[in-house]
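Take a look at the structure set out below.
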Amino acid sequence: MLEVKFQVPVKAGKRKRNLLLPGKIVKEGEKLYVIFKYSKYLVAEIKAMDGSHYHGYDDNNPRKIWSIKDSQRNWFQLDRLIQGRNPYALYDQDPIEVTSDRPLYPQQFEMKAHGLTRKQCVIAGEMGTGKTLAVMEIMEESGHLDWWYVAPRSALRAVMYDFKKWNCTILPDFMTYEAMRKRVENWEVGKLAPQGVIFDESSRVKTATAKRSIAAVDLANGIRQDWKDDAYVILMSGTPSPKSPADWWNQCEVACPGFIREGNHHKFQRRLAVIESRENPTTGGKYPHLVAWRDSVDRCDKCGLFKDDIKHDPMNMGFDWYHPFEAGVNEVEALYRRLKGLVYVVFKKDCLDLPDKHYRRVELEPSVSTLRAAKLITKRVSRSATVQILLRELSDGFQYMEEEVGMQICPGCKGEKYVEIQVPVEEDFSFEINTEIVEPIPMKTITVLCETCGGLGESVKTKRKPEYVKCPKEDQLKDDLDANSDIGRIVIYGGFTGTIERIINFCQRQGWATIRVDGQKAGEFRGADGQVIRGKNYVEVFQDQLEEYPKVAFVAQPGAGGMGLTLTAASTIIFYSNDFNGESRTQAEDRIHRIGMDVNRGATIIDYMHLPTDTLVLENLKAKRKMELVTMGELQEAFKDVE
């Protein structure tokens, strides 16, 4: 049992002071029981913690006390409330003075100082601001040798190249997020955690319920438990202003559990957003719906709509949906003040004198046959999402077809030939209509012949194969390859595996070596003769080996090859087509626009526009909207004049 004095802020006239309330903290198993005299302030604070529960209404042994989980994050918050303790002290102090033998930029010195001072923190530097070199310096000066470096697969080659390029004296254990998850899940009892970990592209752990996020939290907590004040947990994010402010919660939880007051992601989101309960038309239950982020004082605190919305107009006072405007709080802006000390934020525009990106759209005229095929798709397929995919494939000059490649065990019955299904019981049953209580229909289980295989126990196995047709994007790509042949480097993104394969085959016919990074293959390097070359770091080939390989095209899917890579040997990026992810697009553009680029050549971003869907995808990415918002009506309208 720990006897403490809780600090409770109270007003004394116009001044504030702390009132000290005696209390106790009792540990029982995995719970902490917090005992104190009633205080509205303390109740609110305890209620916000992880696993909080009031025992006054328990069926067994009801007590007027609260319990919370015995966790690092809850102790951090308890220390904030207890007299004489200040867990934020480390994050409030000025960063230490640092030097370097390497030619660092000013923001890299600040990143280094931030990491060495805080030790457990987030470096949120926009893509190309030099985060990797800064963390190398942190690792070298930490005095630790046992480090893990966790990053997306596509970024690891680039990071390993940078460690070699800068002759880093620390060689960490490099791994993907999936490998990290497996190692944590299979951790040997009693084995010490590494002394430090770097989580590169930390947006990969923003979802609290994802397995890799849970593993990241467990690893970070293990490092803190084994190495105490000398533990290093550093996250690097390339998106200082994420699309969803709630993305910060779990990243902060990995870096410093408890730094954010709210005990879980849902409590955090409820503070940042106006959320209303809506009825699920399928189940009849309720679900929370995010109406708006609390990003302006002009948003109503009750409904999330702006002050001038019709719901707040006194002229509509007689309607049941009317309510007077209640001024809100800009919680999103306040969030960045709350993160001060833990998160170091840097934008390229504030620290680098780089030329602006030059954007160019190339409008390509579709053939009559292509337009007819597109219109046929919009007529025959009813689902908007399916139509979008088929039209995007057609715009890239192919359609996926199913090809029979043999037989397989039936996925429906698992080879058993029969399956069990639920059917109503044949005897009479009744249920009431238009009442709150509905009697469930009695059901029974019966065994029937499998419809998938017709009782054979096996079914036809198919493989998706692209069927290619002539496409003007290839002619344009030839011109752009020729225009970049003197530089000898170019970056090309495509939205489908079929697109990637088509681009690679075309580039090699034009005499270019290729590097492929997508969901099928990560870093496959082929020479200009089409032969696979193994044992090469493809980033090193692309960046440095210009004499040995004079013409190399980096061909990737934006999500797989758009993060963590430095490709500044090229000055042009071509988006043959896009995917639906706005973050992937932003990240992909910055592969050539960063420290080390040729400022005289600049950075040119080219988009190929063939069918109208290319424009719809690009405009939706720019607006940061989901493609599901594109309706069938919009798609049919785009092809209405095709004969």
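The values are calculated or read from the model by the stated rules, or taken from the named source; none is laboratory data. All of these numbers come straight from a predicted model, not from anything done at the bench. Please note: Cβ atoms are built from the backbone with ideal geometry, for glycine as well, and neighbour counts cover all protein chains shown.
Filtering region 357-370 for residues that are outside any helix (DSSP H, G or I), touching a residue at least 24 places away in the same chain (Cβ under 8 Å), over 22 Å from His610 (Cα atoms) and out of contact with any Pro (no Cβ under 6 Å at 6 or more places or on another chain) leaves a non-empty set. Restricting attention to region 573-591, and to residues there that are assigned to a helix (DSSP H, G or I) and not small (Gly, Ala, Ser), which single residue is modelled with the lowest pLDDT? Per the stated criteria, the residue is Glu583. When region 511-529 is limited to residues that are hydrophobic (A, V, I, L, M, F, W, C) and farther than 13 Å from Pro550 by Cβ, the one that is farthest from the chain's Cα centre (by Cα) turns out to be Phe525. Does Leu364 satisfy the criteria of being touching a strand residue (DSSP E or B) at 6+ places or on another chain (Cβ under 7 Å) and modelled with pLDDT of 90 or more? Criteria met by Leu364.
Take the conditions (1) in contact with a Leu (Cβ under 8 Å, 6 or more places away or on another chain); (2) surrounded by 16 or more Cβ atoms within 10 Å (Cβ to Cβ); Tyr418 misses just one of them, which is (2). If you check Thr566, Thr499 for being crowded, with 23+ Cβ neighbours inside 10 Å and over 20 Å from Gly128 (Cα atoms), only one passes: Thr499.
Contact annotation: residue pairs with Cβ atoms under 8 Å, 6 or more positions apart or on different chains, pairing a residue in region 595-615 that is aromatic (Phe, Trp, Tyr) with a partner that is surrounded by 20 or more Cβ atoms within 10 Å (Cβ to Cβ) and part of a strand (DSSP E or B), are Tyr608/Ile574; Tyr608/Phe575. Against the definition (outside any loop (DSSP other than H, G, I, E, B) and free of Cβ contacts under 8 Å to residues at least 40 places away in the same chain), how does Tyr287 come out, yes or no? Taking the combined requirement at face value, the residue satisfies it.
Counting only residues that are buried (at least 16 other Cβ atoms within 10 Å of the Cβ) and either under 30 Å from the mean Cα position of the chain (by Cα) or not hydrophobic (A, V, I, L, M, F, W, C) (or both), region 57-69 holds 3 of them. Of everything in region 381-417, what is in contact with a helix residue (DSSP H, G or I) (Cβ under 9 Å, 6 or more places away or on another chain) and either assigned to a loop (DSSP other than H, G, I, E, B) or farther than 20 Å from Phe496 by Cβ (or both)? Give them in sequence order. Of everything in region 381-417, those that are in contact with a helix residue (DSSP H, G or I) (Cβ under 9 Å, 6 or more places away or on another chain) and either assigned to a loop (DSSP other than H, G, I, E, B) or farther than 20 Å from Phe496 by Cβ (or both) turn out to be Val381, Ser382, Arg383, Asp396, Gly397.
Lys40 meets each of the listed conditions (1) modelled with pLDDT of 90 or more; (2) surrounded by 10 or more Cβ atoms within 10 Å (Cβ to Cβ) apart from (2). With respect to (1) out of contact with any strand residue (DSSP E or B) (no Cβ under 8 Å at 6 or more places or on another chain); (2) surrounded by fewer than 12 Cβ atoms within 10 Å (Cβ to Cβ); (3) in contact (Cβ under 8 Å) with a residue 12 or more places away in the chain; (4) closer than 30 Å to Glu589 by Cα, the lone exception for Lys349 is condition (3).
Asp356 fulfils the conditions (1) modelled with pLDDT of 90 or more; (2) under 30 Å from Thr572 (Cβ atoms); (3) out of contact with any helix residue (DSSP H, G or I) (no Cβ under 8 Å at 6 or more places or on another chain) except for a single criterion, (1). Pairs linking a residue in region 1-24 that is outside any strand (DSSP E or B) to a residue that is among the hydrophobic types (A, V, I, L, M, F, W, C), with Cβ atoms under 7 Å and 6 or more positions apart or on different chains, are Met1/Val26. Scanning region 211-218 turns up no residue that is buried (at least 23 other Cβ atoms within 10 Å of the Cβ), outside any loop (DSSP other than H, G, I, E, B), in contact with a His (Cβ under 8 Å, 6 or more places away or on another chain) and not polar (S, T, N, Q).
Okay, residues lined up against (1) within 18 Å of Glu141 (Cβ to Cβ); (2) in the same structural domain as Ala255 (by TED's automatic domain parsing); (3) surrounded by 15 or more Cβ atoms within 10 Å (Cβ to Cβ); (4) not polar (S, T, N, Q):
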| residue | (1), (2), (3), (4) |
| --- | --- |
| Gln77 | no, no, yes, no |
| Arg80 | no, no, yes, yes |
| Pro103 | yes, yes, no, yes |
| Gly115 | yes, yes, yes, yes |
| Gln120 | yes, yes, yes, no |
| Ile123 | yes, yes, yes, yes |
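Residue under question is Arg153, and the condition is that it be under 21 Å from the mean Cα position of the chain (by Cα), over 29 Å from Trp249 (Cβ atoms) and not aromatic (Phe, Trp, Tyr); does it hold? Considered against the rule, which asks whether it is under 21 Å from the mean Cα position of the chain (by Cα), over 29 Å from Trp249 (Cβ atoms) and not aromatic (Phe, Trp, Tyr), Arg153 comes out as no. Is at least one residue of region 515-524 acidic (Asp, Glu), surrounded by fewer than 18 Cβ atoms within 10 Å (Cβ to Cβ) and within 30 Å of Gln388 (Cα to Cα)? Yes, region 515-524 contains at least one residue that is acidic (Asp, Glu), surrounded by fewer than 18 Cβ atoms within 10 Å (Cβ to Cβ) and within 30 Å of Gln388 (Cα to Cα).
Applying a threshold of 8 Å to beta carbon distances and a minimum spacing of six or more residues, or different chains, the list of pairs starting in region 445-467 at a residue that is on the phi > 0 side of the Ramachandran plot and modelled with pLDDT of 85 or more and ending at one that is surrounded by 12 or more Cβ atoms within 10 Å (Cβ to Cβ) and small (Gly, Ala, Ser) reads Gly457/Gly415. For region 145-167, the set of residues classified as within 19 Å of Ser100 (Cβ to Cβ) and among the aromatic types (Phe, Trp, Tyr) consists of Trp147, Phe163, Trp166, listed by residue number.
The condition of being hydroxyl-bearing (Ser, Thr, Tyr), closer than 18 Å to Cys252 by Cα and out of contact with any strand residue (DSSP E or B) (no Cβ under 7 Å at 6 or more places or on another chain) holds for only one of Thr132, Thr207, Thr169, that being Thr207. Annotation note: of Ala255, Ala231, Ala193, the sole residue that is buried (at least 20 other Cβ atoms within 10 Å of the Cβ), closer than 22 Å to Gly115 by Cβ, in contact with a Cys (Cβ under 9 Å, 6 or more places away or on another chain) and among the small types (Gly, Ala, Ser) is Ala255. Residues in region 524-566 that are touching a strand residue (DSSP E or B) at 6+ places or on another chain (Cβ under 6 Å) and either assigned to a loop (DSSP other than H, G, I, E, B) or touching a residue at least 60 places away in the same chain (Cβ under 8 Å) (or both): how many? Qualifying residue count for the region: 14. Screening region 35-146 for helices (runs of 4 or more DSSP H) wholly inside it with 3 or more residues that are touching a helix residue (DSSP H, G or I) at 6+ places or on another chain (Cβ under 6 Å) and closer than 27 Å to Ser202 by Cβ returns the ranges 106-118, 131-142.
For region 611-629, taking the residues that are closer than 22 Å to Val362 by Cβ and in a loop (DSSP other than H, G, I, E, B), the one that is modelled with the lowest pLDDT is identified as Ala623.
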